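J.: I'd like to ask you about the structure that follows.
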Amino acid sequence: MACVGIVGGLGVGATVDYYKRITAACKARGFVPDLVFVHADVDRGQGYVREGKLDALADYLAGFIERLGRAGAEVAVLPAVTPHICIAELTPRLKVPLINIVEAIGAELRKRQLKRVALFGTTFTMQGSLWGQLSGVEIVKPSPDEIAFVGRAYQRILDTQRGHDEDTAGLRRIAAELQRRDGVEAILLAGTDLAVIFDEETAGFPCIDCARVHIDAIVEWLSAGGR
């Protein structure tokens, strides 16, 4: 059976959410997935991002992905958006390919014919606009104050693994403002730990759950036997 390796710990809540949703989706399709996990340190990873040490981040992640390969993984998954900042540095280091979350997001946007979106996630993801990896779509940046609010709210989720009412209300307010002021068609929930507080059905604004899109791609790969 095809095996997927998951680098956990880059957001513990996101890793748990991926595990639950992958296994539930596979069960609904009538098969048991073959999964292996390793655990990375989110603080170390975020430190490399803050310091702009993309080669160091790529080396760190490549070490985990190599271990996944030795455990039998045929593809690997980073269940977080921000670490994909180093994809150009990471890819040449890998013998095990990635199911890339940004590629999955791009496919979803093309399917929905969306052309103008905004991001909710870490400050680095929002400021970097997915680092030029998403083509054919205009990514509208929130205002600096809005980016700061979303970034703080997301960090609290990472730190506490739970939602806070003030943060949830603030995110909904900013989403409404981006639609009204900037003509944004949908918000990309580009921080996989946002699943701790809401999803596409409960968010209260038009959005795409990037974790859901990524998980769909993973399940499709597993269902096809790795093809």
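Readers should treat all values here as calculations from the given coordinates under stated rules, not as data from a laboratory. Predicted model, so just to flag it, every value in this text is computed and none were measured. Ideal geometry is used to build each Cβ from the backbone, glycine not excepted, and the neighbour counts take in all protein chains shown.
J.: Taking the chain as a Gaussian network, where each spring joins two C-alpha atoms under 10 Å apart, which residue of HIS84, HIS214, HIS39 fluctuates the most?
T.: HIS39
J.: May I ask which of LYS111/LYS141; LYS20/LYS53; LYS53/LYS115; LYS27/LYS141 have a Cα-Cα span longer than 28 Å here?
T.: Correct reply: LYS20/LYS53; LYS53/LYS115; LYS27/LYS141.
J.: Taking 0.36 nm per intervening residue step and subtracting the Cα-Cα distance, what contour gain separates HIS164 from VAL12 on full extension? Before the final figure, lay out the partial values.
T.: Values: separation 152, 0.36 × 152 = 54.72 nm, distance 1.72 nm.
Length difference between fully extended and current span is 53.0 nm.
J.: Report, in deg cm²/dmol and to the nearest 500, the calculated mean residue ellipticity at 222 nm for the chain, where each DSSP H run with n ≥ 4 adds -39500 (n - 2.57) and the sum is divided by the residue count.
T.: So the calculated ellipticity at 222 nm is -16000 deg cm²/dmol.
J.: Given the Cα-Cα distance of ASP34 and ASP55 and 0.36 nm per residue of separation, how much length would full extension add, in nm?
T.: Details: separation 21, 0.36 × 21 = 7.56 nm, distance 3.03 nm.
Contour length minus the Cα-Cα distance gives 4.5 nm.
J.: Which GluC sites (Glu not before Pro) from the stretch 31-89 combine a DSSP loop assignment with at most 14 other Cβ atoms within 10 Å?
T.: GLU51
J.: Given 0.36 nm per residue, what is the gain on full extension from ALA224 to LYS20 after removing their alpha carbon distance, in nm?
T.: Gain on stretching ALA224 to LYS20: 71.5 nm.
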